[in-house]
Amino acid sequence: MKKIFTTTILFTAISLFPFVAAQAQNATLRGFVYESETGEPIIFTNVYFLGTSYGAATDVNGYYSITKVPAGSYTLLVTYLGYDTLKMDITLRPNDMITQNLYLNKSSVMLQTVSISAKHEAARTETQTSIVKVTPIEIKQIPSVGGQPDIAQYLQVLPGVIFTGDQGGQLYIRGGSPIQNKVLLDGMVIYNPFHSIGLFSVFETDIIRNADIYTGGFNADHGGRISSVMDITTRDGNKKRFAGKVGASTFGAKVLIEGPLKKQSPNGGGSTSFILSAKNSYLAESSKVFYKYIDEDGLPFNYLDLYGKLSVNSANGSKVNFFGFRFGDQVSYKDISDFHWDSYGGGMNFVLIPGLSPVLIEGIVAFSSYDMVMEEEFAPPRSSGINGFNIGLNFTYFIGKNELKYGLEMQGFKTMFDFTNDVGQKISQEENTTELAGYVKYKWVTGKFVIEPGLRLAWYASLANFSPEPRFAMKFNATDKTRLKLAAGLYSQNLISARSDRDVVNLFYGFLSGPDNLPEEFDGKEVKSKLQKAQHVIVGIEHDFTPNLTINLEGYYKNFPQLTNLNRNKIYDENDAPPDTPDNQKKDFIIEKGNAEGIDLSVKFDKNRLYLWSAFSYAFVNRYDGEIWYHPHYDRRFNMNLLGVYTMGSKMQWEVSLRWNFGTGFPFTQTQGYFEKVTFDDGIYSDYVTENGLLGIEYATLYEGRLPTYHRLDFNVSKKFFFSERTQLQVDFGVTNIYDRDNVFYMNRLTNEVTYQLPIMPSLGMVFSF
């Protein structure tokens, strides 16, 4: 660790020199853009010199950097929807390196039109292939459940994203299973971001600043997963005054408190602020009152999520954050299983602006832990846990319109797992592992092209495997309205899932370190690597029919040449297996391969008071286990989402929204027959003639059946009551599954009793803000 740190500092010091020299004849203006009222950074807004081509958009920290500017006098302009335009005269001299923080005031005029934002500019200057940037504004446009908008509900309307249902919902992105999706909260790894009721995540919407959702083709600054990345950044607490929100609904309650410990002065300067949030579900109790018609015993979902953050900001914008969380979930399905999990963690991250170079330095040190237990009536309990740390250091250089970013990462974790398969064989693991990675990527803007090559080098210490992973992205601005894009790359990961493919309710997603005791051959070829691997290729086109109407069409292919899966066919302990026993009968894990391919189309219209969104996906997911090809249980052939939002009233206080989701049926393994399963508890002394056996199930071919189609219509209406400039009450009324569609959730294989997803559910919620 000491050698790594020393090497990093030395490399950084050396690399600063040429960039300082490169700026010698020009000037640089950089800084942060903040809200005057709260001190919160304003993200994705344009900062530019009037009448020139010199400018930049702020990033997720509100940071901007305009480099290689000739000396002279300029008018700096900052524009952002809902805020007064800021103009400032700036004089730059040769070799100047000026840090200028900017503060925007909220507009007193109720705007009726939407101006061109930095997102439109980013569409031309960023590759942005298979990435969606999400803020609380977009999340709150979705019909919410019980007045509680949540990113879990928003993700379900994105193209290429599949949720397996209202209950036990899991996230599948373009053919990738949950274990192949990396979730980061302020740079900290979150191992399970969703609750057992698929309508809610662990993240409180009002603390989110931005979420980047990469559905594939992500560049070298992200790694350790082979399908997708969800990178969430939380906002700082209010730097000017104490504020908060208190809300309650028929589903649950929440509270948020924020404020300064050291106030930021009206003209800026250093500050210290905090933000605390808590939300819970009391649906197991409230459903006995409001939703007794669904189940007299109540709906079995309870959870509690806590999050806190302390932000220390310096006058020039450099800052350090300290944060921590505790998430928990408990669900009890009658006649199926009891499942609960707990997660906690904490850490710190920082943003540093050196005084002599146009560089942004970011770092993270964090720890997180996750433990789960599933208890079933007719099967031994299953348990799994993972805990570990992650450390990262990133450097970003701004060179005119171009950008160089590189960094180092280290992750260490411990996994614990206990599982018994269908034939009574126990599989256990307790492993420690460490991963090291370094990356570099460069964004080059030339003419109509934006080219972004990258390279990630990863070392998996426990497996002694080295993985070089080139990445590439490109965008071609064919016209002012049409853009072509491409992304490709190689990806690897160590973690594997510990779920059983026989599960009908897929709640248990244990975590395992990639094992080194794999079969020596797969599909007739020698196994040379112990890692799971993937290759992505994505092509797309964006077109702006008008400034308010945009379509995005992407085609993708993900090849998974090597996957590690739990061996559902194991019948012998490897040490006691008879000679010449095949690997698929004695190994704990097997190797598979597969692919995912599809087309995603999204259409967005956003003008004045009307917002329309539609997303269509057509996809295939295939797996091969060495014996048969099959479609995994999340292979949905066609998925469609339609969303409409309309805002009304002189103060935009009314909002009405509708969302309809349609999806073809998921695969499942059918029941072929039943038999008496004699367990031979006394070994060779068992009397199979008189011993009473259990009822055994003979399964049909894996995943050859299909469930009925899924579709659901949701509605929401909300109104804001303004008591003062800073005090308001929002009331939400919503209906989930308006026409009471019977969407299949589970069928008991022994009784053939069908359990359905959530029926029609009206909800009422209120949120008081101060």
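Data for the structure
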| read-out | value |
| --- | --- |
| The range 384-418 - residue that is under 22 Å from the mean Cα position of the chain (by Cα) and either of a type in the set (A, V, I, L, M) or assigned to a loop (DSSP other than H, G, I, E, B) (or both) and, of those, farthest from Ser428 (Cα to Cα) | Leu393 |
| Subset of the range 218-246 [in contact with a Lys or Arg (Cβ under 6 Å, 6 or more places away or on another chain), open to solvent by 10 Å² or more (accessible area, probe 1.4 Å) and closer than 30 Å to Ser144 by Cα] | Thr233, Arg235 |
| In the range 49-75, the residues that are over 16 Å from Asn26 (Cβ atoms), in a strand (DSSP E or B) and at pLDDT 90 or above | Tyr63, Tyr64, Thr75 |
| Criterion (under 22 Å from Leu490 (Cα atoms) and not polar (S, T, N, Q)) met by exactly one of Ile197, Ile213, Ile151 | Ile213 |
| Residue among Asn280, Asn349 that is buried (at least 17 other Cβ atoms within 10 Å of the Cβ), of a type outside the set (D, E, K, R) and in a strand (DSSP E or B) | Asn349 |
| Test for Ser249: is it more than 14 Å from the chain's Cα centre (by Cα) and hydroxyl-bearing (Ser, Thr, Tyr) | yes |
| Considering residues of the range 547-576 that are in contact with a strand residue (DSSP E or B) (Cβ under 8 Å, 6 or more places away or on another chain) and farther than 22 Å from Glu592 by Cβ only, the residue surrounded by the most Cβ atoms within 10 Å (Cβ to Cβ) | Glu554 |
| Residue in the range 452-473 that is among the small types (Gly, Ala, Ser), farther than 21 Å from Asp516 by Cα and free of Cβ contacts under 8 Å to residues at least 24 places away in the same chain present | no |
| Subset tally (residues that are closer than 22 Å to Phe194 by Cα and open to solvent by 20 Å² or more (accessible area, probe 1.4 Å)) for the range 251-277 | 4 |
| Out of Asn622, Asn575, Asn608, sole residue that is closer than 30 Å to Asp544 by Cα and either in contact with a His (Cβ under 7 Å, 6 or more places away or on another chain) or not charged (D, E, K, R) (or both) | Asn608 |
| Some residue of the range 503-512 being open to solvent by less than 40 Å² (accessible area, probe 1.4 Å), assigned to a strand (DSSP E or B) and touching a residue at least 60 places away in the same chain (Cβ under 8 Å) | yes |
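Residues checked against (1) open to solvent by less than 70 Å² (accessible area, probe 1.4 Å); (2) charged (D, E, K, R); (3) in contact with a helix residue (DSSP H, G or I) (Cβ under 8 Å, 6 or more places away or on another chain); (4) free of Cβ contacts under 8 Å to residues at least 24 places away in the same chain:
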{"residue": "Asn302", "(1), (2), (3), (4)": "yes, no, yes, no"}
{"residue": "Lys309", "(1), (2), (3), (4)": "yes, yes, yes, no"}
{"residue": "Val320", "(1), (2), (3), (4)": "yes, no, no, no"}
{"residue": "Gly355", "(1), (2), (3), (4)": "yes, no, no, no"}
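The values are calculated or read from the model by the stated rules, or taken from the named source; none is laboratory data. Bear in mind that the values here come from a model prediction, so they are computed numbers and not experimental data. As a convention, Cβ positions derive from the backbone with ideal geometry for all residues, glycine included, and neighbour counts pool all protein chains shown. We work out accessible area using only protein heavy atoms, side chains counted, and drop any ligands, DNA or RNA first. Shrake-Rupley method; radii C 1.70, N 1.55, O 1.52, S 1.80 Å.
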